[in-house]
Amino acid sequence: MERVNSKILVFGEYSVLHNGMALTIPFSKFSGKLCYPENVEESAIAVLSNKGIREFFKHILENHPDDTFKLNVNQLSQELDKGLFFRSDIPQGFGLGSSGALVAAIFLRYLEKAGDFKDELKHLTMDRVQSLKSTLGSLEGHFHGKSSGIDPLSIIINEPLLLKANKEIVRVDIPVYNENGKNVLFLLNTGMARNSEKLIKQFNSACEKEDFQQKLQTKLIEYANAGINNFLKGDTENFYLNLEKLVRFQLDEMDYLIPKKYQSIVQQGLDTKDYYLKICGSGGGGYMIGFTQNWEETQQLLKEEDLEVFYRF
């Protein structure tokens, strides 16, 4: 069965839910695939995973009467009875798309005429992409209550994707990777899993206030969109200026999405300007994403933290 990679939403967390842009890139360090247990050691994990997929199966039956992307639910039911589970090393609740990966794996395996669809992936039209994103969002809603569909979509396409403000989704070229590059994108592992559905509800509640709604449009979305455009153009000077504004906004206006322990660490980056640290995905724990042009100094400042480079240019 087909292996699917994790993904990183580099920009667009929360703002993408309000007509902002988003940028995702594949992250092949973590992956998962549907399979059957091969030994006693993984049987316990397999049972739990199988149970979780059965709950998802109920959601599919009740919420996916989709003729455009029809799933073979009979085959899925039969294979669940044979012990099917999702073998994955993608950390759950850490912002790397663990639920999106499961949705993508189920979709790719049980989609009727999957072979034709995979050929079509090379030349997806905007309308088809929108339809696919909507379908995947509906499926992933089982895990989060509400989903943009971006995670499973980017995992299926497995290339850098830009979601534009007009909802157009396109493949994009990102700055060429350079292992000696000055600009370093890194992950910081907080070691704390989070509940995405709860955090999204908290954000939606904040959005009901007129003052924050105005700031969302004029600041959060503006800074994120500008950061994406700067990044894609390789305009590092303006990139870090907009990144600083974005991180400061998250700390000042969305601090409930940053674990208390890490709020001072985010502030330290803003004070020193050696690094900028923002939430990854829904925030609240999991991984955080860092950006720096001074990797050596950043490693010293964050020497007590679990850091990992995932891109350099």
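The values are calculated or read from the model by the stated rules, or taken from the named source; none is laboratory data. Note that the structure is a prediction, hence the values are computed from the model and not measured. Ideal geometry is used to build each Cβ from the backbone, glycine not excepted, and the neighbour counts take in all protein chains shown.
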*Scan of the stretch 200-224 for residues that are hydrophobic (A, V, I, L, M, F, W, C) and closer than 14 Å to Glu253 by Cα, ordered by number*: Phe203, Ala206, Cys207, Phe212, Leu216, Leu220, Ile221
*Search the stretch 21-46 for residues being under 24 Å from Gly149 (Cα atoms) and among the polar types (S, T, N, Q), and hand back the single one that is surrounded by the most Cβ atoms within 10 Å (Cβ to Cβ).*
Thr24
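Suppose we filter Leu124, Leu139, Leu132, Leu102 for residues that are without any contact (Cβ under 8 Å) to a residue 60 or more places away in the chain and either surrounded by 15 or more Cβ atoms within 10 Å (Cβ to Cβ) or assigned by TED's automatic domain parsing to the domain that holds Asn72 (or both); which single one remains? Full working, then the answer.
Working: Leu139 fails: without any contact (Cβ under 8 Å) to a residue 60 or more places away in the chain; Leu132 fails: without any contact (Cβ under 8 Å) to a residue 60 or more places away in the chain; Leu102 fails: without any contact (Cβ under 8 Å) to a residue 60 or more places away in the chain.
The match here is Leu124.
Residue by residue, here is whether (1) part of a loop (DSSP other than H, G, I, E, B); (2) more than 27 Å from Ile289 (Cβ to Cβ); (3) more than 22 Å from the chain's Cα centre (by Cα) holds:
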residue	(1), (2), (3)
Asp67	yes, yes, yes
Gln92	yes, no, no
Val103	no, no, no
Arg109	no, yes, no
Glu120	no, yes, yes
Leu132	no, no, no
Pro152	no, no, no
*Determine which single condition Ala193 fails, assuming it passes every other condition in (1) under 23 Å from Phe27 (Cα atoms); (2) surrounded by fewer than 18 Cβ atoms within 10 Å (Cβ to Cβ); (3) modelled with pLDDT under 90; (4) not assigned by TED's automatic domain parsing to the domain that holds Glu305.*
(4)
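Here is a yes/no grid of residues against (1) in contact with a His (Cβ under 9 Å, 6 or more places away or on another chain); (2) of a type in the set (Ser, Thr, Tyr); (3) closer than 30 Å to Val309 by Cα:
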residue: Lys29; (1), (2), (3): no, no, yes
residue: Ala46; (1), (2), (3): no, no, no
residue: Gly52; (1), (2), (3): no, no, no
residue: Leu61; (1), (2), (3): no, no, no
residue: Ser77; (1), (2), (3): no, yes, no
residue: Leu80; (1), (2), (3): no, no, no
residue: Arg87; (1), (2), (3): no, no, yes
*Quick one: in the stretch 283-313, which of the residues that are of a type in the set (A, V, I, L, M) and under 16 Å from Gln267 (Cα atoms) is surrounded by the fewest Cβ atoms within 10 Å (Cβ to Cβ)?*
Leu301
*Mind checking which strands (runs of 3 or more DSSP E) fall wholly inside the stretch 215-313 and carry at least 3 residues that are more than 19 Å from the chain's Cα centre (by Cα) and of a type outside the set (A, V, I, L, M)?*
none
